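The values are calculated or read from the model by the stated rules, or taken from the named source; none is laboratory data. As the structure is a computational prediction, the values presented were derived from the model and not from experiment. Backbone-built Cβ (ideal geometry, glycine too); neighbour counts: all protein chains shown.
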Amino acid sequence: MSVWPEERVTTAEGDLDTVDMTVNVGPQHPATHGVFRMVLTVDGELVVDCEPYIGYLHRGLEKLSENADYRQAMGWWDRTDYLAGMCCEGAYTMAVEKLAGIEVPERAEYIRVIMMELSRINSHFMFLGAFGADVGSFGTSFVYAWRERERIYDLFEEVAGDRMFPTYFRIGGVTMDLPDNFESRCRWVLSSVRQGLEDFDGLLTGNEVFVERCKDLTPVTPEQAIAWGFTGPMLRATGVPWDIRKAEPYSVYPELDFEIPVGLQGDVFDRFHVRLAECYQSVRIIEQCLEQMPEGRVLAPKLPKTLRINEGEIYMPTEGTKGEYGVYMMARGGTQPYRAKLRSPSFCNLSALKELVVGSYVADAIIILGSLDIVLGEVDK
Amino acid sequence: MSAEAVIGEPEIVALVRERLPNIPFEFSETKTYADLRVAPEHLLALVTGLREDPELSFDLLRNIVAMDMEEDGLEAKYQLYSFRHGHALQLTAPAPIPSCELPSITGLYPAANWHEREAAEMVGLVFTGHPDPRNLLLEEDLRIHPLRKAHPLQKAEILQGIEDGPPGVEV
């Protein structure tokens with residue numbers, strides 16, 4: 001018997017006629033990792049349609065940047081990928097520096113790489129913790145992730161004076177040199193991160209329930225991934241070893257030795273595993289930086305008090321934590337950019353959500369969304 | 001301008017000229033990639049050529065930037081990348097002034113869908129043939145284009161029902 005009079009109920013055996021139901025998920029929902037809303041049309045437990053809605057966190061980053069000094073705008077770029085503020089600062093400052101032709105001292109480049117890689121670990125830990133919670137190990141993975149993230153944030157606070165939005169980078173270098181005890185503190189944090197990664201490996205990779213749920217869920221071929229505009233771990237999970245740090249190197253990455261972890265078939269488990277493996281590579285990069293880092297200046301000398309850029313155009317791609325974090329900028333004289341545009345990786349990865357979740361179960365749709373590792377500050381700009 | 005522009009065009013531009021001889025474009029340098037300026041009527045042919053030609057095979061659409069060039073009207077910039085050859089390009093297509101129309105490239109690059117929706121709402125470009133031309137980041141019924149240069153940075157909070165005029169016109 002149907003509860004609702006409009007529902008058609010058939011009694012024919014083997015051919016049950018059901019009515020599609022619309023389920024609204026978000027924008028205030030823990031599983032959407034921020035203010036993201038999707039409307040699922042479900043047929044029983046199967047998702048037959050998905051309509052994503054974004055823009056709840058739209059703050060007009062590009063308009064604000066066009067109306068602010070080159071140096072002032074950096075604070076807002078921090079707040080795009082707020083889990084890895086330093087990576088965003090890096091992309092923005094590098095775009096402006098290339099546009100203005102400013103050289104950065106080598107020590108500052110090494111400090112930047114250390115900070116960007118710590119941010120990457122930080123962001124990936126957020127993913128590992130939240131993804132574990134999505135799949136079902138509610139408290140444990142989150143607490144494991146938070147333990148390491150707190151230590152990294154403490155280190156950021158010691159270096160830059162702030163935890164999430166440090167605004168530590170400057171056009172031409174970084175604000176101040178590292179504290180005296182930085183190397184020993186950093187090595188301690190790295191050993192702790194290694195331990196945290198081992199714990200995650202044991203908790204999730206070695207967990208049969210976790211593997212059962214993630215293996216073979218929405219495998220993506222490299223052709224599909226490229227057509228949908230996937231970059232970063234989402235693309236590497238399909239087996240394409242493409243990382244902008246190697247493909248179009250910037251900063252001091254050419255002098256550092258690291259590998260690009262790739263997945264086998266682009267399913268949810270591969271996306272998880274690529275991010276886990278990437279953290280180990282980030283640790284390697286930071287250790288090399290600590291050894292190779294030269295002494296010297298951390299800010300280019302003789303920088304103009306007010307930065308003016310006459311003419312020029314740049315698209316600066318960097319490897320953000322979620323994929324290709326690109327900054328497009330056009331200068332036409334004056335102290336403000338004529339146009340600043342963010343190519344946000346989460347935005348591009350999320351645009352294929354419908355193709356990924358249609359045909360899977362509702363419970364799996366949550367995992368698939370989690371495996372995209374979106375950060376809404378970056379999606380909505 | 002870098003030294004390359006003086007000596008000649010970068011390799012990739014020469015390659016495009018060689019492989020797609022029938023499509024006219026103007027070349028200019030940016031700080032990272034070569035920029036090809038193409039008329040809107042040739043845009044689809046150029047993008048199809050860049051994507052399908054085995055020597056070029058630009059398979060990744062990285063980004064679309066919508067620009068308001070004030071008196072010169074609206075423009076769209078496309079950043080493309082080729083995984084097979086590891087080269088990259090930027091295309092610039094100016095949109096004709098009263099209609100602001102450009103052909104949609106969603107048929108060639110599914111990734112263009114959200115980029116074009118964003119470009120359409122932010123500066124008011126019209127992508128003909130787009131499968132889903134709704135607002136993406138802004139309210140669904142909002143017909144303003146905040147990234148137009150004429151659009152003020154701050155405005156009254158009640159925006160429903162307000163429409164931005166044609167490009168270059170003060171609102």
Next on the checklist: So A:Phe142 passes all but one of these: (1) modelled with pLDDT of 90 or more; (2) surrounded by fewer than 22 Cβ atoms within 10 Å (Cβ to Cβ). Which condition number does it fail?
Outcome noted: (1)
Checklist outcome for this item: Of (1) surrounded by 20 or more Cβ atoms within 10 Å (Cβ to Cβ); (2) within 13 Å of chain B (Cβ to nearest Cβ); (3) touching a Gly at 6+ places or on another chain (Cβ under 7 Å), A:Arg37 fails just (1)
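Modelled with pLDDT under 90, under 29 Å from the mean Cα position of the chain (by Cα) and away from chain B (no Cβ under 14 Å), is that true of A:Ala31?
Working: modelled with pLDDT under 90: yes; under 29 Å from the mean Cα position of the chain (by Cα): yes; away from chain B (no Cβ under 14 Å): yes.
So A:Ala31 passes the test.
Of everything in segment B:88-134 that's part of a loop (DSSP other than H, G, I, E, B) and facing chain A (nearest Cβ under 8 Å), which residue is nearest to B:Ser57 (Cα to Cα)? Outline the logic, then answer.
Of all residues in segment B:88-134, those part of a loop (DSSP other than H, G, I, E, B) come to B:95-100, B:104-111, B:124-125, B:129-134.
Now narrow it down to the ones that are facing chain A (nearest Cβ under 8 Å): B:109-111.
Numbers: B:Tyr109: 12, B:Pro110: 16, B:Ala111: 16 Å.
Per the criteria, the residue is B:Tyr109.
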Checklist entry - Name the pairs whose Cβ atoms lie under 7 Å apart, with the first residue in segment A:123-139 and within 14 Å of A:Arg275 (Cβ to Cβ), the second buried (at least 24 other Cβ atoms within 10 Å of the Cβ) and polar (S, T, N, Q), and 6 or more positions between them or separate chains? => result A:Ser123/A:Thr321; A:His124/A:Thr321; A:Leu128/A:Ser141; A:Gly129/A:Ser141; A:Phe131/A:Ser371; A:Gly132/A:Ser141
Next on the checklist: Testing A:Glu223 on (1) in a loop (DSSP other than H, G, I, E, B); (2) surrounded by fewer than 19 Cβ atoms within 10 Å (Cβ to Cβ), one condition comes back false. Which one is that?
Outcome noted: (1)
Checklist outcome for this item: Of the residues in segment A:107-148, those that are among the hydrophobic types (A, V, I, L, M, F, W, C) and touching a Leu at 6+ places or on another chain (Cβ under 6 Å) come to A:Met126, A:Ala145
Next on the checklist: Any residue that is modelled with pLDDT of 90 or more and within 13 Å of chain B (Cβ to nearest Cβ) - is there at least one of those in segment A:81-91?
Outcome noted: yes
Checklist entry - So A:Thr167 fits all but one of (1) free of Cβ contacts under 8 Å to residues at least 24 places away in the same chain; (2) under 30 Å from A:Arg71 (Cα atoms); what number is the exception? => result (1)
Checklist entry - Residues in segment A:105-125: is at least one within 20 Å of A:Tyr250 (Cβ to Cβ) and assigned to a loop (DSSP other than H, G, I, E, B)? => result yes
Checklist entry - Looking at segment B:48-74, which of its residues are over 24 Å from A:Pro345 (Cβ atoms) and either within 13 Å of another protein chain (Cβ to nearest Cβ) or assigned to a loop (DSSP other than H, G, I, E, B) (or both)? => result B:Asp53, B:Pro54, B:Glu55, B:Leu56, B:Asp68, B:Met69, B:Glu70, B:Glu71, B:Asp72, B:Gly73, B:Leu74
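In the list A:Leu203, A:Leu217, which residue meets the criterion of being among the aliphatic types (A, V, I, L, M) and assigned to a loop (DSSP other than H, G, I, E, B)? So that I can check it myself, show each step before the final result.
Working: A:Leu203 fails: assigned to a loop (DSSP other than H, G, I, E, B).
It is A:Leu217.
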Checklist entry - In the list A:Gln224, A:Gln195, which residue meets the criterion of being more than 30 Å from A:Gly359 (Cα to Cα) and either at pLDDT 85 or above or in contact with a helix residue (DSSP H, G or I) (Cβ under 8 Å, 6 or more places away or on another chain) (or both)? => result A:Gln195
Item to check | Test for A:Ile102: is it within 26 Å of A:Leu256 (Cβ to Cβ) and not in a helix (DSSP H, G or I) | outcome: yes
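Restricting attention to segment A:187-213, which residues are in contact with a Phe, Trp or Tyr (Cβ under 7 Å, 6 or more places away or on another chain) and either within 13 Å of chain B (Cβ to nearest Cβ) or within 22 Å of A:Trp146 (Cβ to Cβ) (or both)?
Pass one, segment A:187-213, residues in contact with a Phe, Trp or Tyr (Cβ under 7 Å, 6 or more places away or on another chain): A:196-197, A:199-200, A:203-204, A:211.
Listed by number, the residues that qualify are A:Gly196, A:Leu197, A:Asp199, A:Phe200, A:Leu203, A:Leu204.
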Checklist entry - Is at least one residue of segment A:355-362 surrounded by fewer than 24 Cβ atoms within 10 Å (Cβ to Cβ), within 11 Å of another protein chain (Cβ to nearest Cβ) and either within 22 Å of B:Leu138 (Cα to Cα) or in contact (Cβ under 8 Å) with a residue 24 or more places away in the chain (or both)? => result yes
Checklist outcome for this item: Flagged in segment A:226-251 as in contact (Cβ under 8 Å) with a residue 60 or more places away in the chain and outside any loop (DSSP other than H, G, I, E, B), in numbering order, are A:Pro233, A:Met234, A:Leu235, A:Ile244, A:Arg245
Checklist entry - Out of (1) away from every other protein chain (no Cβ under 14 Å); (2) without any contact (Cβ under 8 Å) to a residue 24 or more places away in the chain, the odd one out for A:Asp216 is which? => result (2)
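To keep it simple, each residue is scored yes or no on (1) among the basic types (Lys, Arg); (2) surrounded by fewer than 23 Cβ atoms within 10 Å (Cβ to Cβ); (3) within 10 Å of another protein chain (Cβ to nearest Cβ).
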residue: A:Lys302; (1), (2), (3): yes, yes, no
residue: A:Leu307; (1), (2), (3): no, yes, no
residue: A:Glu319; (1), (2), (3): no, no, no
residue: A:Lys322; (1), (2), (3): yes, no, no
residue: A:Ser344; (1), (2), (3): no, no, yes
residue: A:Asp364; (1), (2), (3): no, yes, no
residue: A:Ser371; (1), (2), (3): no, no, no
Checklist outcome for this item: Across (1) more than 14 Å from chain B (Cβ to nearest Cβ); (2) of a type in the set (Val, Ile, Thr); (3) surrounded by 22 or more Cβ atoms within 10 Å (Cβ to Cβ), A:Thr335 clears everything bar (3)
Checklist entry - Looking at segment B:53-94, which of its residues are farther than 18 Å from B:Glu118 by Cα and of a type in the set (Ser, Thr, Tyr)? => result B:Ser57, B:Tyr81, B:Ser82
